[in-house]
Structure formats: C-alpha cells, structure tokens
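Where a number appears in this text, it was derived from the coordinates with a stated rule and is not lab data. Every value quoted in this text rests on a predicted model; they were computed, and no experiment measured them. For neighbour counting, all protein chains shown are included, and Cβ atoms are generated from backbone atoms with ideal geometry for every residue, glycine included.
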Amino acid sequence: MKNKNLLYIIIIVSLTAGFWSAKEIYSKIKLHLYGDSIEINPKPEHIIAKEEEKTSVKSDSETPKENPITAVEEKLPEAAKPQQEEINKETKPKAVKTVFKYKNKKAKKVSLSGSFMKWKEKPMKLKDGQWEIEEYILPGSYFYHFIVDGKKTLDPQAPKTPLGESLVAVK
C-alpha cells in the first residue's frame, strides 16, 4: 500500500514538472517563431523619473496639495485652456532615429531584423563601403541581428544576449 501511494506521488510530481517544462519551452518557441517583441527596459528613464517624483510628493504629506497650474486653468475661458492634444504629445515617448551599420566588403546582400520591427527583414543600403539603415525606434532596449547573404550574423559592435542576439538600447 505504501509503495502504491509513493508511486502515485512520483507520477503526479513528474507530470507537474513535465507540464511546467513544456509550457516554458512553448513560450520560448512562440516568442521566436511568431515575432513577439521583448523589451528589456519597457519604460524610458524620463518616465520612471517622473513616476518617482510623483510618489515622493505623495509620501511627503498626507493631504494632497492643489496643483497651481490646474487651479489657474480651471479659471480660464475654454479658448485659453491648453489643448488636450498638446498635453498628450508632451507625455508620449517619441521615436528616436537609430542608425545601424555593418561593415563587410564581401557581402552581396545585408538586411536588418529586430524585435522593434517584429523580426521582419529590412534591406540595408551600401554607403561608403559599409551597409547602413536608419530606423525610428521608441526608447527602450531591443534584440536584433543582421542577415548577411542569407545567414544570421550578430553585430560585432553591440553587446550580445544569452539568447544569441545583439542588443540595442535606445534613449
């Protein structure tokens, strides 16, 4: 009887471990095959700093302080109030022009592929002996690689990740 119970426990533990392992492997394969992007640093630093300022103001006093700008805006006529679109433009992070370069004189065709473009290949142009492309990317950290004559190639000038990709940090 004791051996049967022990056997049942071992089977349950093994099935649980197998299910968990399969789930982890599936999530890694899904990420690679379906082009989901990973952001290492999803929030830009200036947004994090603003959030820290807000929390430090709240912890300084128990009573909420009235914002003098909001108080003045409430007293202004509608035409003089700042437009909501202008406020939204200031708070949204803006895409930053990022230049990718790859130097290889023997290469016949070079493309860029990265998590910031859902792993779609984009051809690079040969300028002054090196391959270049400009991309507008939102601030954060992203994975990418070059495809040189059909072969995946990491950027020799960029840090490497354990997943076998190059890493770009856009600020």
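Below are the figures for this structure:
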quantity: Candidates 137, 147 - the one that is touching a Leu at 6+ places or on another chain (Cβ under 9 Å) and of a type in the set (A, V, I, L, M); calculated: 147
quantity: Matching residues in segment 91-118 - criterion: being part of a strand (DSSP E or B), over 19 Å from residue 138 (Cα atoms) and among the hydrophobic types (A, V, I, L, M, F, W, C); calculated: 110
quantity: Where a residue in segment 99-123 is among the basic types (Lys, Arg) and its partner, wherever it lies, is surrounded by fewer than 17 Cβ atoms within 10 Å (Cβ to Cβ), with Cβ under 6 Å and at least six apart; calculated: 101/130; 101/132; 103/130; 108/149; 109/149; 118/35
quantity: Close pairs (9 angstrom Cβ cut-off, 6 or more residues apart or separate chains): touching a residue at least 12 places away in the same chain (Cβ under 8 Å) and surrounded by 13 or more Cβ atoms within 10 Å (Cβ to Cβ) in segment 154-171, in a loop (DSSP other than H, G, I, E, B) and charged (D, E, K, R) anywhere; calculated: 154/165; 166/155; 167/155; 168/155
